[in-house]
Amino acid sequence: MLDSDTASHVIAHISDTHLLGGDRKLFSTVDVASNLTWVLDRLRAGDQKIDALVFTGDLADIAEVDAYRWLRGQVEPAAAELGAEVVWVMGNHDERAAYSRELFDDESDGAQDRVYNVGGLRIISLDTSVPGYHHGALSEEQRVWLTNELATAAAHGTVLAMHHPPLVAHNPLVRLIELEEMSLLEPIVRGSDVRAIIAGHLHYSSFGNFAGVPVSVSSATCYTVDVGADKSLLLSAVDGAQSIQLIHLYNDSVVTSVVPAEIYAQVSGYPATLRAMADTLSFAELREMISNKTSDFNSAEREQSADL
């Protein structure tokens, strides 16, 4: 009786890899290449059916050709193994010409906006980068293009993927490089078939709402920002707590889960072999076994966890 309600689509949302060429480490200490490799290995080893790998920008730290080539060489085989579409999104650390040439084999230095159809789910990669700057913006031409694209609904709706999230940052330093004139995007999104907006840029997981649509910001796989840092610091970047997100789209809801990049020591768990047993039981039998605090199943777990 497990998996009675399955998601129509599952997105692995990865952001801010900040890769360097030549296998160099970021700040000479952060092994950004290994961090991404761990993430891809975790996705391969999991039991999730991933429909798309969406990378929301800052793929390369200084837009080096070698960094983009290494990234593509790692991600495309993993996506093929998973049976997933790869969706790239421009970030402020990326450069349009190198990004376009190395990831799409296309010579272009214009806005890198693209549309993907993933089993009836439309994923729009929206380029919020501003050449030469770290803040984000959308040109009038882009806004017109997006309005026209959303004029026709997709079978399973739309996910808007962008680097700069349409959320106000709590940190005054980050506000200097956030998406400017967010209000111009609001009437385009509101009332459309956009079901979720996913973004990066902040280097920490964050969630909000924009134009009536849920927004999820994936943390980085390179380094993260410690939101709980000491008040003596305006901003603290740390080599820890890296993560990605899994986004499950159901018929009438969108659920986002944070997945740590690192594998930690397990203190409790259940083997996958239990699934076969569970499939032989009715919902009522499973509810009684799992929910009843005095069931044999829960009694055994309680004794183990409390070392009784």
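Values quoted throughout were computed directly from the atomic coordinates according to the rules given, and no laboratory measurement underlies them. In this text, all values refer to a predicted model and were calculated from it rather than measured experimentally. As a convention, Cβ positions derive from the backbone with ideal geometry for all residues, glycine included, and neighbour counts pool all protein chains shown.
Could you state the angle between the C-alpha long axis of helix 32-45 and the longest principal axis of the C-alpha atoms of the chain, as a value from 0 to 90 degrees rounded to the nearest 10? Approximately 40 degrees, to the nearest ten. With each label modelled as a point 7 angstrom along the Cα→C-beta vector, the GLU285-VAL258 pair spans 3.8 nm. The calculated Kirkwood hydrodynamic radius for the range 123-223 is 13.9 Å, given to one decimal from all distinct C-alpha pairs. Applying both filters, DSSP loop and at most 15 other Cβ atoms within 10 Å, to the GluC sites (Glu not before Pro) of the range 201-308 gives GLU262.
Local charge sum around GLY83 (other residues, Cβ-Cβ under 15 Å, Lys/Arg +1, Asp/Glu -1)? Cβ neighbours under 15 Å give a net charge of -3.
Relative contact order of the range 100-140: 23 percent, from C-alpha pairs under 8 Å at least 6 residues apart in sequence.
Here the range 202-216 is scanned for amide nitrogen atoms under 17 Å from the site 7 Å beyond the Cα of HIS135 along Cα-to-Cβ, giving 202. Shape index of the range 9-260: Rg/Rh, with Rg the Cα radius of gyration and Rh the Kirkwood radius from the inverse mean 1/r over Cα pairs, equals 0.93. Axis of helix 65-82 versus longest Cα principal axis of the chain: the two differ by about 30°, to the nearest ten degrees. Separation of the range 281-298 and the range 143-188, taken as the distance between their Cα centroids, equals 45 angstrom. Ordering of 8-20, 181-193, 92-104 by packing is 8-20, 92-104, 181-193, highest average first (other Cβ atoms within 10 Å, averaged per residue). Contact order for the range 72-183, expressed relative to its length and based on alpha carbon pairs under 8 Å spaced 6+ residues apart, stands at 25 percent. In the chain, Cα pairs under 8 Å separated by at least six residues give a relative contact order of 18 percent. What FRET efficiency comes out for the pair HIS248/ASN148, r = Cβ-Cβ distance, R0 = 25 Å, nearest 0.05? The computed FRET efficiency comes out at 0.30. Here is how the number arises for the chain: DSSP H runs of 4 or more residues each give -39500 (n - 2.57), the sum is divided by the residue count, and the result at 222 nm is -8000 deg cm²/dmol.
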